[in-house]
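> What follows is a single structure, and I will ask about it in a moment.
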Amino acid sequence: FEFGALMAGALGLLANRFVERPREWYLPVAVVMIGAGACGERLPLLLIVVVLASSLWRAAGPGSARTKEAVRRSIAFGALTFVSLLAGALIASWTNAGGSIARVAGSTSQETFGQRFMAWREGLRAFSHHLLIGGGPGQFRSVTSALFPLSFVKPSPGEVFTDAHNFIVEYLTTTGILGVLALVGWLSVTLYRARGPLAVAALVLIAIELAEPLN
């Protein structure tokens, strides 16, 4: 998963550069998106769509220069991204490694959402017993394992969640209210004046961490 997250964040760094100087950035965008297509993760695909929409909005939306050249380059950026994602998915399917598109097509609501919702619920239950300081850093599994119902354990014996798959729930469970306040305060100060491609990449990674493990 970490690879897919990095590829989605990298696209945020590349978008402006491509629109400004497309000839220099065709290859990096293609390589990054081939990697994203081959990685087999779903959420990075959603964030890639957001980055593409943001790029088109900046080129053609209200308050932009709206030059035909900027719009044309943004469309080329979107087309290159789509083709490269498809190429990565095809490469993964040829090597029997799956791929993002196949993963999306084969996913189920229970697999994608049900397990995460249950992990979040049990994490918040554990948090309710240790409100101020949580159960301890890295202790999500130890404080939640006994809380998962039999309906979760029976289909997948031995499967456990070592992470909440949501960084807010993870920090609430393991560091309590004090830890989350410190984390949110730090992120708020850091992002308050953030601008440009680095801010886009950071926001992409933060969004991904709302549904994926911190590791």
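> Taking a probe of 1.4 Å, how large is the accessible area per residue of segment 130-214, in Å²?
Value returned for segment 130-214: 58 Å² of accessible area per residue.
> Here is a further query. Just by accessible area at a 1.4 angstrom probe, what is the order of 192, 171, 26 from largest to smallest?
192, 26, 171
> Here is a further query. What figure in square angstrom, to the nearest 10, would you give for the accessible area of residue 86 with a 1.4 Å probe?
70 Å²
> Based on the alpha-carbon gyration tensor of segment 152-215 and its eigenvalue square roots a ≥ b ≥ c, which shape applies: rounded if a/c is under 1.5, prolate if not and a/b is larger than b/c, or oblate?
Oblate, since a/c reaches 1.5 and b/c is not below a/b.
> What FRET efficiency, computed as 1/(1 + (r/R0)^6) with R0 = 22 Å and r the Cβ-Cβ distance, is obtained for residue 214 and residue 193, rounded to the nearest 0.05?
0.30
> Calculated FRET efficiency, residue 53 and residue 31, Cβ-Cβ r, R0 22 Å, to nearest 0.05?
The formula returns an efficiency of 0.50 here.
The values are calculated or read from the model by the stated rules, or taken from the named source; none is laboratory data. Quantities reported herein were computed from a predicted structural model and do not represent experimental measurements. Here Cβ is always computed from backbone atoms with ideal geometry, including for glycine, and neighbour counts include all displayed protein chains. What goes into the accessible areas is simple: the full protein's heavy atoms, side chains included, and nothing from ligands, DNA or RNA. Shrake-Rupley method; radii C 1.70, N 1.55, O 1.52, S 1.80 Å.
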